[in-house]
Amino acid sequence: MRVFTRHADVMPWQWTPQHIDEWSADLRAVHGCVRSTLRNYQGSVRKFCDFLTNPVYGWTDECLRHFGTNPVQVVYDWNAATHADEAEGEPERRAFTRPELEAFFDHADEEVLRVRDKGRKGWLPAFRDAALFKVAYAYGLPQ
């Protein structure tokens with residue numbers, strides 16, 4: 001939000017879709033942001049505008065009363081980056097194949113047994129890590 005606000009150089013109740021267009025073009029052309037990063041940034045602005053324009057919070061009325069104008073949503077489907085491909089990740093950051101995942105989880109489990117069988121401390125953290133990897137995979141938790 002701070003980056004967009006600095007780029008727009010106006011207060012939120014003065015933002016327009018044109019500010020998003022210019023910022024998005026700058027992020028792609030000058031800063032080299034990939035589409036997924038751009039979509040993430042635009043999503044943050046969209047959510048903030050959703051908050052500002054939600055009548056429950058009363059910001060539109062306050063801005064209208066104090067500044068003579070009110071905030072509006074500036075990120076729409078027509079000016080936001082879209083999903084272009086099924087998988088937009090970079091090739092060097094591809095998802096694991098099923099055999100690779102199985103080998104990874106097997107290794108994590110074997111590490112628990114290896115440490116425990118040596119009679120050394122550390123088997124509990126190894127067990128925790130193995131369990132966390134599986135939970136993160138199963139529920140799609142972020143990296």
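The values are calculated or read from the model by the stated rules, or taken from the named source; none is laboratory data. Bear in mind the structure is a predicted one, so any value in this text is a computation, not a measurement. Positions of Cβ are backbone-derived with ideal geometry, glycine not excepted, and every protein chain shown enters the neighbour counts. Protein only, heavy atoms only, side chains kept; ligands, DNA and RNA dropped before computing areas. Shrake-Rupley method; radii C 1.70, N 1.55, O 1.52, S 1.80 Å.
The residues of segment 1-54 expose on average 60 square angstrom of accessible surface per residue, using a 1.4 Å probe on protein heavy atoms. Using only Cα atoms, tell me the angle between helix 35-53 and the longest principal axis of the chain; keep it within 0 to 90° and round to the nearest 10. Once rounded, one gets 50 degrees. About the centre of its Cα atoms, the chain shows a dipole size close to 600 debye [charges on the beta carbon of Lys, Arg (+1) and Asp, Glu (-1) only; nearest 20 debye]. By a 1.4 Å probe calculation restricted to protein chains, residue 110 has an accessible surface near 110 Å², given to the nearest 10. Annotation note: chymotrypsin sites (Phe, Trp or Tyr not before Pro) in segment 1-110 located in DSSP loop regions with a Cβ neighbour count of at most 14 within 10 Å are 57, 76, 96. Accessible area per residue (1.4 Å probe, heavy atoms of protein chains only) ranks 28, 94, 65, 46 as 65, 94, 28, 46, with the largest value leading. At q = 0.14, 0.16, 0.17, 0.21 Å⁻¹ the log10 of I(q)/I(0) for the chain amounts to -0.80, -0.89, -0.95, -1.22, computed by Debye summation with a single uniform scatterer per C-alpha, solvent ignored.
The residues 111, 22, 92, sorted by heavy-atom accessible surface at 1.4 Å with ligands and nucleic acids left out, run 92, 22, 111 from largest to smallest.
Accessible area ranking (1.4 Å probe, heavy atoms, ligands and nucleic acids excluded), largest first, for 118, 134, 47: 47, 118, 134.
Using a 1.4 Å probe on the protein heavy atoms, what percent of the accessible area of the chain belongs to carbon and sulfur? Carbon plus sulfur share of accessible area: 56 percent.
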